[in-house]
Amino acid sequence: MNKPVQWHPITHNGNSSSNMDLFHSAGFASDVTELMKQQHVPGLAIAIIHNDQIVSAGYGHASLDPEIPCTADTLFDIASSAKSLTAAAVGLLVDDNDMFPDIQYDAIMATLLPEDFVMSEEGYTEGVTVEDILSHRSGMASHDDSYMSVRATKPDNARSITRNLRNLPVAAPIRSRYIYCNMMYTVATHLVEVKSGQDFGTFLEERFFKPLDMTSTTLQPSSARSKGFEPRMATGYTWKRADSTYHGLENPDCPEDQGAGSIISSVNDFIKFVKAFINREDPINKNVYEGLTRLRTFVNPNPGRRKRYTSPVAYAAGLDIYFYKGHMVVGHNGVFSGFGSRFFFLPDFSFGAVIMGNSDGANGVATTLVQKLIDNLLGVTDERPHDSKSKATRPVEMSTNQEKKEKKKQEKKTQKKSQGIQKGQVNEQRPKENSPQPPTMPLSAYAGNYWNPGYHNLLVQIRDDGLFIDATDRSMGFTLKFEHVSDDRQFDAHFTDWLDGSDDILKAEFVIEDAQVTRLGLQLEEMLKEMIWFEKKDEVLS
């Protein structure tokens, strides 16, 4: 790994402080590079603001082959940190009572989008509000495996994601608990598009990026490339323990995910957005700020994992908020396969930072660095080493513990941990033979198209003498390889993530009636007690 780039000032509008001394120090640079090594992060960039003084730096590599240094202008997919922009976009509409008097945080979504926003159970369509979808308290499960990518025959977009809500089961009563739901943020962008008459990318460009001089920030990777930014775009990596090497990952456009992620930015650009929050400056005026930072729901706090001096985490609107030694800390993080990000600010001190990296391990590095920066600001001393794997520096239970694949399969797994759910908890014990035996029915009896209106079509094929599903046309693409468990009906489905190759096991069950396979159930959504059921069809439905 190359030597860290020298910290360099961008503006000098404030006085120097112990914080800036820390940021310029060789010790801080050494900590960053050591954490990157521990967490297998090829490149990392950091920008810090204190009293309007901004400094930034890059470490390591934006690309390993060819080797390209990471700088503060390197562009990353910021994953779920993008939710802050989506919520802010809605906040601008709420603030504009002249143009959009009907859009308020307590407005019923179905009254704003009467043809499109329909949920699957009674009371939800009539009850879910704007702030419910922005604070993950709508009762809707994540259903991340339900939406279709640009690789699909019929890709999803913000409108189709919204209209598919009617086909997806809910997981909890409205406002009863925090359930992280990416697609509700895509629904929020549909609201912005319908009411403003602009596509979401244009709205962001005109209302945020241009006013804040965020000239390098775009919606979707293709937009960054079309503007000539490709040489500055970081390659996302995953670390493979088996061969101890980095593997580069694709970063495709995800229009079906807009609002939940898919923002490309640099730390030098995104710190300007943070500065607008700190200073309550347009477009984040006082009213918009107060609407976005209003605490709305707790993020299922786990007392065993809380850090000392730290309150439970609450979710506002596109922002998670907690209190540390009596001071409010506001921010958001994001993890996509190959990328991680975190931004935060302390309003009491006009202090904040943005951290971005090009592997999912970057989020762990960011968590440790955030704590170090805040402790230094507040004068908190801790003799324990800043080891990103130590209990002392474990992530606070954030809205991830929310974190394309956390969209992005890493994000999804982290969310489940924050919600206290592990694979297999919803699966009752099933008999399993010591060595797998093939079903007595021919594999051809199982093969065919299976349809669920919310999850669309799945094709069960015969491959390598077994049953197989290729679902890489999904936004969070995956494959399933089936292993027979018992009774010709019960199977384990070996789930492999299309982007990072990670593995899991899902419960699967076929229904057999009159010697015919008629249905397939898959445990695709852990927030639900029941499986997602697909009806076997003679042809592909759309």
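Values quoted throughout were computed directly from the atomic coordinates according to the rules given, and no laboratory measurement underlies them. Treat the numbers as computed from the prediction; the structure is a model and nothing was measured. No Cβ is skipped: glycine too gets one built from the backbone with ideal geometry, and neighbour counts run over all protein chains shown.
Highest mean first, the peptides 132-145, 450-463 sorted by other C-beta atoms within 10 Å per residue fall in the order 132-145, 450-463. Projecting the Cα positions of M140, N363, A26 onto the charge dipole of the chain (unit charges on Cβ atoms of Lys, Arg, Asp and Glu, taken about the Cα centre) puts A26 furthest along the positive direction. Note on the chain: with charges restricted to the Cβ of Lys and Arg (+1) and Asp and Glu (-1), its dipole about the Cα centre is near 1380 debye. Computed from backbone phi with θ = phi - 60° and the Karplus coefficients 6.51, -1.76 and 1.60, the 3J(HN,Hα) list for the stretch 141-154 is 5, 5, 6, 5, 8, 8, 9, 9, 8, 5, 7, 7, 4, 10 Hz; x is used for glycine and proline. The amide H of I68, built 1.01 Å from its N in the peptide plane, has A62, S63 as neighbours under 5 Å, considering only residues 5 or more places off or on other chains.
Annotation: the residues F336, F495, sorted from fewest to most other C-beta atoms within 10 Å of their own C-beta, follow the order F495, F336.
Each residue of the stretch 459-473 is assigned a 3J(HN,Hα), and the resulting list reads 9, 7, 10, 9, 9, 6, 6, x, 8, 8, 10, 9, 10, 6, 7 Hz, derived from the Karplus form 6.51 cos²θ - 1.76 cosθ + 1.60 (θ = phi - 60°), x at Gly and Pro. Please identify which residues in the stretch 506-542 have an amide N closer than 12 Å to a label point set 7 Å out from the Cα of M441, following the Cα→Cβ vector. The answer is 509-521, 536. Positive end of the dipole of the chain (Cβ unit charges, origin at the Cα centre): among T153, Y237, A515, the Cα lying farthest that way belongs to Y237.
About the centre of its Cα atoms, the stretch 245-362 shows a dipole size close to 800 debye [charges on the beta carbon of Lys, Arg (+1) and Asp, Glu (-1) only; nearest 20 debye]. Highest mean packing comes first when the peptides 57-68, 22-33, 40-51 are listed by Cβ atoms within 10 Å, giving 40-51, 57-68, 22-33. Annotation: amide H-H contacts under 5 Å for I54 (H modelled 1.01 Å from N, sequence separation of 5 or more, or interchain): I10, T11, N13.
How large is the helix-only mean residue ellipticity at 222 nm for the chain, computed as the sum of -39500 (n - 2.57) over DSSP H runs with n ≥ 4, divided by its residue count, in deg cm²/dmol to the nearest 500?
-6500 deg cm²/dmol
Whole-Hz Karplus values for the stretch 219-225 come out as 9, 5, x, 4, 5, 4, 5 Hz, taken residue by residue from phi with 6.51 cos²θ - 1.76 cosθ + 1.60 and θ = phi - 60°; glycine and proline positions read x.
If you take the beta carbon distance between D465 and T496 as r and set R0 to 25 Å, what does 1/(1 + (r/R0)^6) give as a FRET efficiency, to the nearest 0.05? For R0 = 25 Å, the calculated efficiency reads 0.90.
Between the entries (1) 39, 27, 21; (2) 72, 24, 22; (3) 34, 30, 21, the label attached to semi-axes √(5λ) of the Cα gyration tensor in Å calculated for this structure is (1). Close amide H contacts of M119 (hydrogens built in the peptide plane, cut-off under 5 Å, sequence separation of 5 or more or a different chain): T125. Toward the positive end of the charge dipole of the chain, with +1 on the Cβ of Lys and Arg and -1 on the Cβ of Asp and Glu, the farthest Cα among T86, T440, G318 is that of G318. Sorting 500-512, 529-541 by average packing, meaning the other beta carbons within 10 Å per residue, from highest down gives 500-512, 529-541.
In the structure shown, do any of K272/K307; K37/K240; K325/K372; K286/K325 have a Cα-Cα gap over 18 Å, and if so which? Result: K272/K307; K286/K325 exceed 18 Å.
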